[in-house]
Every structure is written in structure tokens, then in C-alpha cells.
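One structure below.
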Amino acid sequence: MSEEVKCLIIGSGPAGYTAAIYASRADLKPVLYQGLQPGGQLTISTEVENFPGYPEGVQGPQMMEDLKKQAVRFGTDDRFGMITEVDLSSRPFKAIADDGNQISAKTIIIATGASAKWLGLESENKFNGFGVSACATCDGFFYKGHDVAVIGGGDTACEEALYLSKLCNKVFLVHRRDELRASKALQHNIFKTKNIIIEWNHVLKEITGDKTVNGVTLENVNNKEIKSIPVEGVFIAIGHNPNSELFKGQLELTDSGYIKTKPDSTKTSVDGVFAAGDVQDNVFRQAVTAAGSGCMAAIEAEKFLMQNEN
């Protein structure tokens, strides 16, 4: 099967579905492929309290279902599956879905997101959303006044620890080395923050608890000694991987793999291709900022089509 579309949206998180809402209302008749993780990272979140419009909070999967329904209501062709190949060398762009469907697209909005890096522990997966998180800005509020652990030693970990230090009683920063990899400015702030306790030369061996987290088990990398620390939250802060592999060699990427977009825009290095959300944002990584950039991408795609339609 082959088809021609005005706007192909790749990805279904807040960026993808917001782009779909705006694109469908602009009569672009967008086709959206949900991707490997339909709904994005929020589908593995529990309570979301910082997205506007939900005064009592909302479960992450429910919020994504709401966005999906809104997009479909305006005419988005929402499809389960993923795009496995793209050719961005000329317009119309070519894409192939995992069911073999071939798509010719006049514009493409990339909203494939980024995936948090995990340690791969069984207990980490068990408590994901029940005491384990990869986003302090998203979930830190739930641990106000409690003790938490942050795993990592780079900029991400230090930023998370500093954010949590303003909310939590104690923040244990667990790092496998005897010095931090973060910038000097961040290190300075870490060292002067009294309720951040650094566990040098330690790695996380296990997260303990029943239904929710109640502690971490650490191992000293030098002498292999084991110790346990009671905490109610664990934040894995070892970075993110942008889901941009599909576009390598076709779009300009940063050294860390994020899609480069032009200032104050979602335009990529290829005219007619736009990127929104965490696949191009390594700074904020919030649902609301992803949604905002999805709106921008759809508006820019509409303008592009108006200027380039025959």
C-alpha cells in the first residue's frame, strides 16, 4: 500500500499529539504513527500534577489518552505502529511503516522523544512510577520533606539533586567515582548545599521496598562493602538518549544526538521537516514544553505548505 499525505507526524507524546491537534484543525489531514512507546514517557508515569488544565492532577496514561482523543476528534489519522525508514533527500519525503505501508509526505513532524537511560536493575523496573523516577522536576514534589537518592555524577544528576534539595529532607547523591563529572559551577553549588550527602565510590545494587520504595542498597566499588540507606524516592539521573537514530545522516544532530532546530523555531536542517519535543530539547524535557513545540511545528508546517504548494 502507498499513499500521499500533507503532514506525517512521527511520535505520539505531548509534542506529537499537540502537533496533530493543530495540524488537523488547519486541515492538513495529518497521519500520525504512534511509535514504539505509544503516548511516550508519560505512559509510564503515575500522577502528573504540573500540566495545565488538571487541577487535581491526572494519571500519565489518562492524559495521553485525552490528547489522543482530542487529536482524533479533529480528524487526525492515528495509527498504531512505527516508521522504520525515511528518505529526506527530496520532497515529497518518503517513509515506510513497519507494516510495509509506503508514505509520500509533503511535510514531516518528528516527535519521537527521548528515552531516559536506566541502570537495568530488576528492582528499578519494579518500582518505576512507585518511588523510582527519571525526572525530579516531574516527581520531586511527591517527596517533599522526605529522604531521596539521586544516582549519577554528571550535570543531570547534580541539577536533579539541587532541585530536590529545596523540597526534600536529605538528598543522597550516589556516584561511582571519587569526583563529579558535572560542571564546576554545579559542583560548587552541590558542595555548599548542606542537605546533599554524596556517597562517593558507590553504585546502586538494589532498590528495596514493598509496594513503594523504602530504601537503597549500595556497594562500595573499592572494597565491595554493602550498606543500606532508607529513602522513599530514587531518581535515576544518568542522562537521556534522544530517539533520533532513524534520522542520522539525513538531519543535522548535536554531538549527543538531539535534532538541531533553528532558533525560535522547530525547523530542522531540511526544509519541510520539523522536530518537536524531547528529540530536540535536552534542556527542559517537560510535557508542557513538548506540547508547546508541537504547536509550533504544526503552525510552521502549515506555513511551509502554503508557501510551497503548487
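The values are calculated or read from the model by the stated rules, or taken from the named source; none is laboratory data. Remember, it's a predicted structure, so these values are computed and weren't measured experimentally. Glycine gets a Cβ as well: all are built from the backbone with ideal geometry, and neighbour counts include every protein chain shown.
Can we say GLY152 is in contact with a His (Cβ under 8 Å, 6 or more places away or on another chain), on the phi > 0 side of the Ramachandran plot and of a type outside the set (Ser, Thr, Tyr)?
Spelling it out, GLY152 is indeed in contact with a His (Cβ under 8 Å, 6 or more places away or on another chain), on the phi > 0 side of the Ramachandran plot and of a type outside the set (Ser, Thr, Tyr).
For segment 116-130, indicate whether the set of residues that are crowded, with 24+ Cβ neighbours inside 10 Å, modelled with pLDDT of 90 or more and among the polar types (S, T, N, Q) is non-empty.
no
Tally up the residues in segment 1-20 that are crowded, with 24+ Cβ neighbours inside 10 Å and not aromatic (Phe, Trp, Tyr), please.
13
Taking segment 255-280 as the search range and keeping residues that are of a type in the set (Gly, Ala, Ser) and touching a residue at least 40 places away in the same chain (Cβ under 8 Å), which one is farthest from ASP87 (Cα to Cα)?
GLY277
Have a look at LYS205, LYS106, LYS211 and point out the one that is closer than 30 Å to ALA19 by Cβ, among the charged types (D, E, K, R) and more than 22 Å from the chain's Cα centre (by Cα).
LYS106
Please work out which one of (1) more than 21 Å from the chain's Cα centre (by Cα); (2) part of a helix (DSSP H, G or I); (3) crowded, with 19+ Cβ neighbours inside 10 Å is the condition VAL72 fails and give its number.
(3)
Which of the following residues is surrounded by fewer than 20 Cβ atoms within 10 Å (Cβ to Cβ) and of a type in the set (A, V, I, L, M): LEU180, LEU218, LEU246?
Checking each option against the conditions leaves just LEU246.
Within segment 132-145, which residues are over 18 Å from the mean Cα position of the chain (by Cα) and either buried (at least 16 other Cβ atoms within 10 Å of the Cβ) or of a type in the set (Lys, Arg) (or both)?
PHE142, TYR143, LYS144
Of the conditions (1) in a loop (DSSP other than H, G, I, E, B); (2) under 14 Å from the mean Cα position of the chain (by Cα), LYS262 fails just one. Which one is it?
Among (1) in a loop (DSSP other than H, G, I, E, B); (2) under 14 Å from the mean Cα position of the chain (by Cα), the lone unmet condition for LYS262 is (2).
So the check is Cβ under 9 Å with 6+ separation or different chains; which pairs have a first residue in segment 37-54 that's assigned to a loop (DSSP other than H, G, I, E, B) and a second one that's modelled with pLDDT under 75?
Every condition considered, the pairs that remain are GLN37/THR43; GLN37/ILE44; PHE51/LEU42.
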